[in-house]
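These notes are about the structure you will find just below.
The numbers here are math on the coordinates, done by the rules we state, and not lab data. Fair warning: this is a prediction, and the values are worked out from it, not measured in the lab. Counting neighbours? That spans all protein chains shown, and the Cβs are built from the backbone with ideal geometry, glycine included.
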Amino acid sequence: MNTSPQIAELIESIVKIKKIIANKMLQECGLSKDTIVNMKRQQSLPSADKIAKLAEYLEVNTDYLLGKTNDPTPPSDLDEDVLKLLSIVKNLSVEDIQYLTKQADFLSSQQGE
């Protein structure tokens, strides 16, 4: 299992690779801006629910952050195409999402004919 400094280093490397703004991530996960520094100094380790929020934000498995697996992929029952669609949709405007929803409804209704 990873130590607090190892988890901090892993988070930093994921943040760098994914070009995430660390302070924004920490804020959105309900953590202080000093969290990573404190983890590196072994002064603290976020609670399990905060680690889970970080993993979700970083789109990795919590076990990956904790060092229990080398597979960063979060577990999912969704197939690859659905996951790809979700990653695209999350960056669209509300209007675009509404349009896609109407198109999906139409396609779904055509399946029954």
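Largest first and to the nearest Å, give the Cα extent of the range 4-66 along each principal axis.
Extents along the principal axes, in whole Å: 26, 23, 19.
Which order do the peptides 17-27, 96-106, 3-13 come out in when sorted by mean C-beta neighbours inside 10 angstrom, highest first?
Details: 17-27: 12.9, 96-106: 11.1, 3-13: 16.5.
Put in order of decreasing packing, that is 3-13, 17-27, 96-106.
Which lysines have a Cα lying under 19 Å from the Cα of LYS90, excluding residues fewer than 8 positions away in the same chain?
Within reach: LYS18, LYS19, LYS24, LYS53, LYS102.
Cross-link candidates for LYS40: which aspartates and glutamates have Cα within less than 13 Å, leaving aside residues fewer than 8 places away along the same chain?
Correct list for LYS40: GLU9, GLU12.
For semi-axes √(5λ) of the Cα gyration tensor in Å, the choices are [x] 35, 16, 10; [y] 30, 24, 19; [z] 26, 13, 12; which was calculated from the structure?
Given [x] 35, 16, 10; [y] 30, 24, 19; [z] 26, 13, 12, the calculated one carries the label [x].
Relative contact order (percent) for the chain, with alpha-carbon contacts under 8 angstrom and 6 or more residues of separation?
Details: 76 pairs, mean separation 26.3, N = 113.
Result for the chain is 23 percent.
Run the quick spin-label model on VAL82 and THR3: label points 7 Å from Cα toward the beta carbon, then report their separation in nm to one decimal.
So the label points at VAL82 and THR3 sit 4.1 nm apart.
Let me spell out the model: positive unit charges on the Cβ of Lys and Arg, negative unit charges on the Cβ of Asp and Glu, origin at the Cα centre of the chain. What dipole size does that give, in debye rounded to 20? Spell out each step's value before the answer.
Details: 13 positive and 17 negative charges, 161 e Å.
That gives the chain a dipole magnitude of about 780 debye.
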